[in-house]
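In what follows, a structure is listed as structure tokens, so that the remarks can point back to it.
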Amino acid sequence: MEETTNVKSKEKNIKNGNKLINFLKKHRKKILLLLLACVLIYIIYMVVGLIRKPTDTVYVEMGQVREEEIAIGYMVRDEEVIRGENYKNGIEQIKTEGEKVAKGESIFRYYSNNEESLVQKIKDLDEKIDEAMEKTEKAPTSDTKALEDQIDTKLYNLYGESDLKVIQNSKDEIISSMSKKSKIAGEQSPAGSYLKKLINQRSEYENELTSGEEYIEATKSGIVSYRVDGYEDILTTSDFGKYTKEFLEDLNLKTGQIIPMSSEEGKIVDNYKCYIVCVLDSEYAKKAEVGDTVTIRLPSGKEVKADIEYKTTEDKEYILTLKIDEGVEELTAYRKISFSIIWWSSSGLRIPNTAISTEEKNGKEISYVIRTRIGYQDKILVKVLKTNEKYSIVTNYTSDELTELGYTASEIRNMPNIAIYDEILIN
């Protein structure tokens, strides 16, 4: 019974096989056309894929790789506000914003009381004096000319002068010369007497004007600034330890806001150094130590060196005080800025990270790139020196390094090196 069943099964399989063979023979052309169509569709799909997204390559170039971090910083300076007794009278600048001064130099002056009115009265008297001089009997030419030359010289020398004593002495000498000139013109005559009265009146106005003036001198050397914001006695250099995150946030300062110019006071700022206090949470900030040097990029784009002067830790954040001695003048206009900290920078053969692959050799991970040249491809081992999110600086391994990694002398001899302008694959 079992034999009969097996025989019938074999006969059935043979029968089905014959049917399949007959079907394939009968429809052979259609089947071949179908297979050919599938192959063509696959080829077209691959070609379209290459057109839409071809194999990308990039050239090895010399470049720079750096690790940057954006930070918000608070400006801390050694600065002293200067204010006089005539505060609220308004000031006239003698030294301009950012100008360097020595101790004792006059930097600005307060206007006198009723200065505008007194200046106008003196101007009117000068016109009357000129008219009176023209009406008086002409003096000997040589004497008058000498006095006029003295007056012109003194007036010329007064231009741009900031020293109070020099200004006062020059004014006295000018008044004296004008008085002599009037005497020569004949002060005993009616015209001369009138002229003398005018000059005396002018002298009274001049004394009233100068007696109300107040010149403010620099208490120390530095640069002059009229940008006074009231934080000069708060953000000081005496104790960097007081600058906590809460302390800085409570100042409610706006980033990048320019300090307005004051019309009543000024200050002297140390132009040799200033400090930037910032709160960071990066791994680089965690590893940073006092005494380390980094590079920072100022709002103007200028890059300067900065030393880490002080560091404190709050939870998982780090408060760094950076000292700079370049670009100090351009920062006097700000109290809170956005800037970049460049933790490190490296130069050399630069390639995209997407071009770097890795393989394992004796338990160590080895980086390599694929170079393409005249249709051929070579695998080149590369030693990664520095890397950031996008690029890496690489170089070739030395023979000793390759030997330590486990490569044979034959492998090392036949190993190609990476060089500038090599074309390598990415992705």
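Looking at Glu92, Glu80, Glu69 in this structure, which one is more than 21 Å from Ser262 (Cα to Cα) and not in a loop (DSSP other than H, G, I, E, B)?
Within the list Glu92, Glu80, Glu69, the selection yields Glu69.
Which condition from (1) in contact with a Leu (Cβ under 9 Å, 6 or more places away or on another chain); (2) surrounded by fewer than 12 Cβ atoms within 10 Å (Cβ to Cβ) is the one that Lys336 breaks?
For Lys336, the exception is condition (2).
Within the group Arg413, Arg373, which residue is exposed (fewer than 13 other Cβ atoms within 10 Å of the Cβ) and under 20 Å from Met62 (Cα atoms)?
Arg373
Search segment 95-115 for residues being assigned to a loop (DSSP other than H, G, I, E, B) and modelled with pLDDT under 90, and hand back the single one that is surrounded by the most Cβ atoms within 10 Å (Cβ to Cβ).
Ser112
When residues of segment 360-396 are filtered for being assigned to a strand (DSSP E or B) and farther than 21 Å from Ala419 by Cβ, how many remain?
Summing the residues that are assigned to a strand (DSSP E or B) and farther than 21 Å from Ala419 by Cβ in segment 360-396 gives 4.
Pick from segment 297-318 the residues that are among the β-branched types (Val, Ile, Thr) and in contact with an Asp or Glu (Cβ under 7 Å, 6 or more places away or on another chain): which of them is farthest from Glu246 (Cα to Cα)?
Among those that are among the β-branched types (Val, Ile, Thr) and in contact with an Asp or Glu (Cβ under 7 Å, 6 or more places away or on another chain), it is Val304.
Going through segment 242-261 one residue at a time, which ones are in contact (Cβ under 8 Å) with a residue 60 or more places away in the chain and over 20 Å from the mean Cα position of the chain (by Cα)?
Tyr243, Thr244, Lys245, Leu248, Leu251, Met261
Got a number for residues in segment 344-370 being surrounded by fewer than 12 Cβ atoms within 10 Å (Cβ to Cβ) and of a type in the set (S, T, N, Q)?
Within segment 344-370, residues that are surrounded by fewer than 12 Cβ atoms within 10 Å (Cβ to Cβ) and of a type in the set (S, T, N, Q) number 2.
The values are calculated or read from the model by the stated rules, or taken from the named source; none is laboratory data. Computed from a predicted model, the values in this text were never measured in an experiment. Here Cβ is always computed from backbone atoms with ideal geometry, including for glycine, and neighbour counts include all displayed protein chains.
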